[in-house]
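Reviewing the structure listed below.
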Amino acid sequence: MVALSMADGYARLTRKPQCVIVHVDVGTQGLGAAVHNASCGRAPVLIFAGISPYTIEGEMRGSRTEYIHWIQDIPDQKQIVAQYCRYSAEIKTGKNIKQMVNRALQFACSDPAGPVYLCGAREVMEEDLTPYHLQQEFWNPIEPAALSDSAVKTISEALVGAENPLIVTGYSGRNHAVVPELVKLADTVKGLRVLDTGGSDMCFPADHRGWLGLRYGVDKAIETADVIVVIDCDVPWINTQCHPSKSAKIYHIDVDPLKQQMPVAYLNAVARYRADSFTSINQLNNHISSGFSEQLSAETFSQRWEALGESHSKRLSVIAGLAQAKEDGSFGTGHLCATLRKLVPQDAIWAIEAVTNTAFVADNLQATLPGSWINCGGGGLGWSGGGSLGIKLATEYENGPGKGKFVVQIVGDGTFLFSVPGSVYWISQRYKIPVLTIVLNNKGWNAPRKSLLLVHPDGLGSKATNEEINISFAPVPDYAGIAKAAAGGQLFAEKVAKASDLEDVLKRAVESVMNGTTAVIDAVVVPGC
């Protein structure tokens, strides 16, 4: 779980494929939810696992030599993870192993990117080979696809002619070059707003007046827009809670518009296009800039621009007001994140797995730099422990030892336990990968209660205590202590529950990480703010 989450974080930041090696069927099962996350997060990762030897009598080098070789022999090992992978195969001979690996990497790196799985028995791994060479330039991933000329014309005319245009995105920011292109589009078509309903990557900067922030498929802007362009997004809205006007024109641009791994998924789009987000937005920018300059200079667009500025200022003011500490000295996630944002380097990278607190985190961190926000790509809780280490490792490798960026993991308390902290913080200490972890301690599982209330708002469960429906964490674990024990004591660990102590604790934690020692803060937060 930790190894694949590390590879996921590294690959998500750099878009460069990573490799994880695990032990036969049980190691493959140990990948657990991390395979789901890599698949949903479109992380290019190659997983390799051995298979129990298939000869018994010593017929080949590598025949069975241990009791466990019988126990771990299963009919089709790759089927454990195949439905999450872009490609899965058994290596049956060493003679074409380079072709097999290259083919797997082509699938991993071609959109929609994702995990691939190879496995091979010990007899194959022990095979003698005559050295051979492949020309690597022939094994590139598929080139990005573009919109057709007619699609560019249709979408451009719709955006410019709309009274209330909206972009809904989710993971377009995984390509960091998309962010400035999207900003350029919003600067050109004044009045265009951008809503993030995925929270997967930093897709649009919070300091732009068109920023609507992160909302998981429920926002008034969806209901009032007359033209919506959905770009690289899995869940633009949740139909039972929010949906566009019946008169709205919807265009869907995605590397995987049919969502081929989801049995049920559809949008009422007038047109959908399998195309790369950066290429598509660049095409739209070029066409709109060259063909609509007179129309875009109309007073109407200036008025919309001013209105956006006012609404953006109001939005930031409301967020700041809601993030104030409580009168009794307690504080919520919003206040914590607003305080933390001022103390870390401006180019810090946030590895987020805050579950029910994610919107409060996004509102108050207000990320502006491409690649500075990376959320778990799926729903397999526990990604951010290894994910944050992989992200930090990537920044050190890409920029040079000691020149990596400051990495902060913000994680829910239950999710922290899922991250296998015993492994995470041992690895952090063993390999000197310093990160700052903030555990949002709200004393229980809040996601199950939210799910329950969405279906049965007035049912018996709505009146039950956390203890009665078994979502309480009482007695609360010592989260920072767990991490410190795993690191052999070589870790900054503190708990904070009062707003008056918060800034001092965070300052010292940041200083510890800057000096090379991981810090874990157990932050007791008030739910719902």
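By the combined test of axial Cα extent (at least 20 Å) and Kyte-Doolittle hydropathy (mean at least 0.0), the qualifying DSSP H helices of the chain come to 499-514.
Taking label positions 7 Å along the Cα-Cβ direction at both SER330 and GLU143, the computed distance is 5.9 nm, reported to one decimal.
Calculated mean residue ellipticity, 222 nm, the chain: -11500 deg cm²/dmol, from DSSP H runs (n ≥ 4) at -39500 (n - 2.57) each, averaged per residue and rounded to 500. Subtracting the Cα-Cα distance of GLN241 and LYS95 from their residue separation scaled by 0.36 nm leaves 47.0 nm.
Per-residue counts of other Cβ atoms within 10 Å, averaged by peptide: what ranking do you get for 98-106, 115-123, highest first?
Working: 98-106: 17.1, 115-123: 23.9.
Ranking the peptides 98-106, 115-123 by packing returns 115-123, 98-106.
For a paramagnetic label modelled on GLU163 (point 7 Å from Cα along Cα→Cβ), amide N atoms under 13 Å away are absent within the stretch 296-319. Using only Cα atoms, locate the centre of the stretch 193-239 and the centre of the stretch 378-434, then give the distance between them in Å, rounded to an integer. Between the Cα centre of the stretch 193-239 and that of the stretch 378-434, the gap is 28 Å. Straightening the chain between ASP207 and LYS314 buys 37.3 nm, computed as 0.36 nm per residue apart minus the Cα-Cα spacing. Label-to-label distance for GLN29 and GLN260 is 3.0 nm, based on points extended 7 Å past Cα in the beta-carbon direction. Excluding same-chain residues fewer than 8 positions from LYS246, which lysines have a Cα within less than 17 Å of its Cα? Within the straight-line cut-off, LYS246 pairs with LYS220. Which lysines, on any chain, are close to LYS98 with Cα under 20 Å apart, when same-chain ones fewer than 8 places away are left out? Filter leaves LYS16, LYS78.
Each Lys or Arg adds one and each Asp or Glu takes one away; over the other residues whose Cβ falls under 11 Å from the Cβ of THR224, this sums to -2. Packing, as the average of other Cβ atoms within 10 Å across residues, places the peptides 29-40, 440-451, 513-524 in the order 29-40, 513-524, 440-451, highest first. Within the full protein context, the accessible area of THR339 is estimated at about 20 Å² for a probe radius of 1.4 Å. Each listed q (0.16, 0.21, 0.22, 0.23 Å⁻¹) maps to a log10 I(q)/I(0) for the stretch 310-416 from the Debye sum over equal C-alpha point scatterers, namely -0.77, -1.15, -1.22, -1.28.
Computed from the C-beta positions of GLU59 and ALA82 and an R0 of 25 Å, the FRET efficiency is 0.30 to the nearest 0.05.
Report note on the peptides 126-135, 350-359: ranked by the mean count of other C-beta atoms within 10 Å, highest first, their order is 350-359, 126-135. The residues packed around THR28, meaning those with a beta-carbon under 12 Å from its beta-carbon, carry a net charge of -1 if Lys and Arg are +1 and Asp and Glu are -1. Give the separation of the Cα centroids, the stretch 1-49 to the stretch 262-297, in Å. Rounded to whole Å, the Cα centres lie 32 Å apart.
For a straight C-alpha distance cut-off of 19 angstrom, the aspartates and glutamates reachable from LYS392 (same-chain residues fewer than eight places away being disregarded) are ASP8, ASP201, ASP347, GLU353, GLU511. Here the chain has an Rg and Dmax of 24.7, 85 Å, counting Cα atoms alone. A Förster distance of 41 Å, applied to the separation of the beta-carbon atoms of ARG103 and GLU398, puts the FRET efficiency at 0.95.
For the stretch 68-126 versus the stretch 464-501, the spacing of their alpha-carbon centroids is 40 Å. Counting charges near ASP363 (Lys, Arg +1; Asp, Glu -1) among other residues having Cβ under 12 Å from its Cβ returns a value of +2. Note on VAL270/HIS456: beta-carbon distance plugged into 1/(1 + (r/R0)^6) with R0 of 35 Å gives a FRET efficiency of 0.45.
The values are calculated or read from the model by the stated rules, or taken from the named source; none is laboratory data. The structure presented is a predicted model; accordingly, all values stated were derived computationally and were not measured. Cβ atoms come from the backbone with ideal geometry, glycine included; neighbour counts cover every protein chain shown. Ligands, DNA and RNA are excluded from the accessible area calculation, which covers all protein heavy atoms including side chains. Shrake-Rupley method; radii C 1.70, N 1.55, O 1.52, S 1.80 Å.
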